Amino acid sequence: MRLSHITIQGFKSFAKKTTLDVTHQLTGVVGPNGSGKSNIAEAIRFVLGEQSMKSMRGKIGADIIFKGSEHLASMSRASVTMVIDNRDKTAHSGDMSHASDTLAPFLVYDELVLARVIYSDGTSDYMLNDAKIRLKDVQELLSFAGIGASAHTIINQGEADRILLASPKDRKEALEDALGLRIYHMRLNESKRKLDRVKAHVHEVELLRKEIKPHLDHLKRQVDKIESQEEERKKLHMLLIAYLTREEEELMKLNERIREQGTSSSLLLITDSIKKELHMLRNATHDSVSVSIHEKQTLQAEMRSLLERRDQVSKTLGRMEAEKAYLEKELGREQEGTSITIEQDEWQETHVVLGHGFENLTSALRSGEHEKAQVHARDLHTTTETFFTKHGGKETTRKEAIQRDLDVLSASILEHEGKERDLSHEMVVLQERIDAVDTTAQATLQSKHEEEKKMMTLESKLRELDSTIALRRQEEGEYALRKSHFDALVQEGVTIVGREVLEYKSHEADERFKDTQSSDLMRAIERSKLRIEEAGVPNREEVMAEYRSTRERDEYLTKELADIKESEGKLLELIDELETTLSERFSTGVKEVSKVFSEFFGEVFIGGKGKLVLMDIAKIDDEGNQLIEQGIDIDVSLPNKKVKEISMFSGGERALVSIALLFAMSSITPPPFMVLDETDAPLDESNARKYGVMLRRLAEKSKLLVITHNRETMNHCDMLYGVTIGVDGSSKLLSINFKEAESYAQ
Ligand code: ATP
């Protein structure tokens, strides 16, 4: 970067556009008092961003705008443009690779046109290649160009003096400027400002975190509770799966067993039917046995009656037999007195008739036909009477009477014998019936035994059934209780854990619980339920949502804090680096400047000595802390003079010392461009020559614009501009190329 030319328009006395070429090493500006020479220095100061109106000898902005003359109207704006040749794209000082985002895009141009415009209201605009930029950007650009609006870039008579009279601290700052350390200061200050902002931000964020911490802690505790409840819920879910699966299986088995072995109600049905059967058996046995007994008794009574009757008949028969024997005996005795002759045939015939008669009689008696028997008995009597009448005569004799009685008796005997046979027969028949009844009764008794056996079996079965029913009822009761407990547990699980509990069948029971007893599982479930209840937090979803948003905010703040602290750390590092660099470069620079100052001093004041001394200055800051600041002191002694106080030096001496110092300062980091506004004014001819020598040396490294009335100084210039007030009342610039003029003259 090299300074090319400066254009002034409307600035103070320069109403019209005036261009000043600053490409020569030593350019002189000469002209009468009041022609506007110093206005050129101020125009340069202006474009470099000078903020003090006072340093431009004005009070308000309008003071530096052309106010008009007899021939020219006043102007509303003043502008100064500085053109920088940037073809080499290299900064005079500083590293352009760290250029700000605003400036960086401009640094690619070959020509950089920096302009400042001021309006009558005092406002200013800064432009770079016609684009508005900020003062900050101007300062950055100038730092790259190695130009600063500092005391040593534009030095007027008063300012040269000022460096001598300045405080050690101000002097130090001026020296830092001269050493090109301003950029570090700018960066340092900016970094410190940033650090302050960052610290404030850190404080702010920490405060915010502190503010939300109790709430977050409270929410965290709630969430921990919810989470532990959630954990417990999962645990409960696992326990329920293990328990319910097993319990359901057991219940199914129990139910199956109950069904297989018969439910109490089905067993009751069996009991009922057994009872009915028993009842029927009891009744049936009783009836049949009593019927047999009764029948047998009746038959036996009948038998007894028959026996009596037969005995009676037998007795009668016996008596009749005895009577018959008697009668026959009687008849025999009678017959011994009489004889009866009876033809053989007739006797046989009568005997057959009588035989038939008896047979009929017997048959009728046997069949109980008593009338018929009487008829047959009469017939028999008639036959007998007829026979005896024929063979005995008509007179009734004792023999005949006996015979008749005998006949009747025989007939009666026959009759009774028939009766006796009939009764015997009846008795045989009756005995058969009795035997039959006996057989039946025997069979009945047998079946009664069997039935009784059956009844006993049934009764024992009934008793067995009763105890089975009691047992079954107990089992059913147990099943019902367990089932209702099971259902209630499922319902409770749904309420506490959720509907997924209903899916317990589709889950595998946890291996952990494989060997755990159901009762232990149940106890664990109860404990788990209790823990869930204890860990209950109302409005779970709201708490969770609030916790999430608060935590996100805290995380955001934490991250922000970390980021800020990181940048704080970086800034502190940068500040440290900058301070170290600054300190190192400064102390080296001070030594170098001091050395050059000594040389210059020795040259200007033969036999005199001058050096710069780095000193510590104690300072109390705003917070009452003691600080040590560095400052620069000037230690000089003039030849043959005891006075060391600079304030006691003569004006010329002071001017030379200050020039020597300024030149020494500028020689270490030579600025590309310097303006010296009548710094040689107080010098006599001899000192002006010494000034000229120093000027030349300085011009080897920096381009100088020297405003002077001094011919010695003018002699050293490569180019001279003459400034006059034109007829229109504004300043005019005339260029005289000294070298060319000289060469023409030769
Ligand atoms: P010297 O040699 O005496 O130092 P100089 O050449 O340096 O003089 P300047 O100080 O640059 O002169 O110029 C001062 C002149 O500029 C004064 O005559 C003053 O009237 C004129 N001037 C200052 N401000 C304005 C302005 N705003 N408008 C018009 N002219 C102005």
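The values are calculated or read from the model by the stated rules, or taken from the named source; none is laboratory data. Just so we're clear, the structure is a prediction, and the values are computed from it rather than from any experiment. Glycine gets a Cβ as well: all are built from the backbone with ideal geometry, and neighbour counts include every protein chain shown. Surface areas here come from the heavy atoms of the whole protein model, side chains and all, with no ligands, DNA or RNA. Shrake-Rupley method; radii C 1.70, N 1.55, O 1.52, S 1.80 Å.
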Long-range neighbours under 9 Å by Cβ, at least six apart or interchain, first residue closer than 16 Å to Arg182 by Cα within the stretch 84-107, second exposed (fewer than 12 other Cβ atoms within 10 Å of the Cβ) and not hydrophobic (A, V, I, L, M, F, W, C): Met96/Lys89; Met96/Thr90
Residue match in the stretch 293-308 (condition: open to solvent by 50 Å² or more (accessible area, probe 1.4 Å), over 30 Å from Ile434 (Cβ atoms) and not aliphatic (A, V, I, L, M)): no
Selection status of Thr439, assigned to a helix (DSSP H, G or I), closer than 30 Å to Glu308 by Cα and not charged (D, E, K, R): yes
Sole exception among (1) surrounded by fewer than 22 Cβ atoms within 10 Å (Cβ to Cβ); (2) within 16 Å of the ligand (Cβ to nearest atom) for Thr23, by number: (2)
Any hit, the stretch 614-622, residues being part of a strand (DSSP E or B) and under 60 Å from the mean Cα position of the chain (by Cα): yes
Top-ranked residue in the stretch 38-85 [being buried (at least 20 other Cβ atoms within 10 Å of the Cβ) and hydroxyl-bearing (Ser, Thr, Tyr); ranked as farthest from the ligand (Cβ to nearest atom)]: Ser79
Residue ID - nearest to His485 (Cα to Cα), chosen from residues in the stretch 525-536 that are open to solvent by 20 Å² or more (accessible area, probe 1.4 Å) and assigned to a helix (DSSP H, G or I): Glu526
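Residue-wise test of (1) within 25 Å of Arg689 (Cα to Cα); (2) without any contact (Cβ under 8 Å) to a residue 60 or more places away in the chain.
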{"position": "Glu573", "(1), (2)": "no, yes"}
{"position": "Glu579", "(1), (2)": "no, no"}
{"position": "Gly589", "(1), (2)": "no, no"}
{"position": "Ala618", "(1), (2)": "no, yes"}
{"position": "Asp621", "(1), (2)": "no, yes"}
{"position": "Ile628", "(1), (2)": "no, yes"}
{"position": "Ile634", "(1), (2)": "yes, no"}
{"position": "Ser637", "(1), (2)": "yes, yes"}
{"position": "Asn640", "(1), (2)": "yes, yes"}
Which numbered condition Asp88 fails, given (1) more than 17 Å from Phe673 (Cβ to Cβ); (2) more than 16 Å from the ligand (Cβ to nearest atom); (3) open to solvent by 70 Å² or more (accessible area, probe 1.4 Å): (1)
Selection from the stretch 78-95 of residues that are within 14 Å of Leu141 (Cα to Cα) and hydrophobic (A, V, I, L, M, F, W, C): Met82, Val83, Ile84, Ala91
Enumeration of residues in the stretch 452-478 that are touching a residue at least 40 places away in the same chain (Cβ under 8 Å) and open to solvent by 50 Å² or more (accessible area, probe 1.4 Å): Glu452, Lys454, Glu459, Lys461, Asp466, Arg473, Glu478
Residue, farthest from Ala41 (Cα to Cα), within the stretch 718-746, restricted to residues that are more than 13 Å from the ligand (Cβ to nearest atom) and modelled with pLDDT of 90 or more: Val727
Pairs where the first residue, in the stretch 183-201, is under 19 Å from Ala562 (Cα atoms) and the second is open to solvent by 60 Å² or more (accessible area, probe 1.4 Å) and at pLDDT 85 or above, C-beta under 8 Å, 6+ apart: Ser191/Leu574; Leu195/Leu572
Where a residue in the stretch 258-284 is closer than 22 Å to Lys448 by Cβ and assigned to a helix (DSSP H, G or I) and its partner, wherever it lies, is at pLDDT 85 or above and acidic (Asp, Glu), with Cβ under 8 Å and at least six apart: Leu278/Glu459
Tabulated pairs, the stretch 29-53, first under 23 Å from His716 (Cβ atoms), second crowded, with 24+ Cβ neighbours inside 10 Å and acidic (Asp, Glu), C-beta under 7 angstrom, 6+ apart or interchain: Ser38/Asp677; Ala41/Asp677
Qualifying residue in the stretch 399-406 (condition: surrounded by fewer than 18 Cβ atoms within 10 Å (Cβ to Cβ), modelled with pLDDT under 80, small (Gly, Ala, Ser) and part of a helix (DSSP H, G or I)): yes
Residues of the stretch 537-571 classified as open to solvent by 40 Å² or more (accessible area, probe 1.4 Å) and outside any helix (DSSP H, G or I), total: 2
Subset of the stretch 132-162 [open to solvent by 30 Å² or more (accessible area, probe 1.4 Å) and aliphatic (A, V, I, L, M)]: Leu135, Ala149, Ala151
Condition met for Asp95 (away from the ligand (no atom under 14 Å from the Cβ), under 60 Å from the mean Cα position of the chain (by Cα) and loosely packed, with under 15 Cβ neighbours inside 10 Å): yes
Residues (modelled with pLDDT under 80, open to solvent by 40 Å² or more (accessible area, probe 1.4 Å) and under 17 Å from Ser658 (Cβ atoms)) located in the stretch 163-202: none
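Among the strands (runs of 3 or more DSSP E) contained in the stretch 646-746, which hold 3 or more residues that are of a type in the set (A, V, I, L, M, F, W, C) and more than 30 Å from His71 (Cβ to Cβ)?
Values: elements: 673-677, 703-707, 719-725, 731-736.
In the stretch 646-746, 673-677 are the strands (runs of 3 or more DSSP E) which contain 3 or more residues that are of a type in the set (A, V, I, L, M, F, W, C) and more than 30 Å from His71 (Cβ to Cβ).
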Filter result for the condition that a residue is more than 26 Å from Phe144 (Cβ to Cβ), over 60 Å from the mean Cα position of the chain (by Cα), away from the ligand (no atom under 16 Å from the Cβ) and surrounded by 15 or more Cβ atoms within 10 Å (Cβ to Cβ), over Ala660, Ala699: Ala660
Some residue of the stretch 498-507 being at pLDDT below 90, more than 30 Å from Leu278 (Cβ to Cβ), out of contact with any Leu (no Cβ under 8 Å at 6 or more places or on another chain) and open to solvent by less than 60 Å² (accessible area, probe 1.4 Å): yes
The listed residue being within 16 Å of the ligand (Cβ to nearest atom) and either open to solvent by 40 Å² or more (accessible area, probe 1.4 Å) or modelled with pLDDT of 85 or more (or both), out of Asn710, Asn715, Asn640, Asn687: Asn710
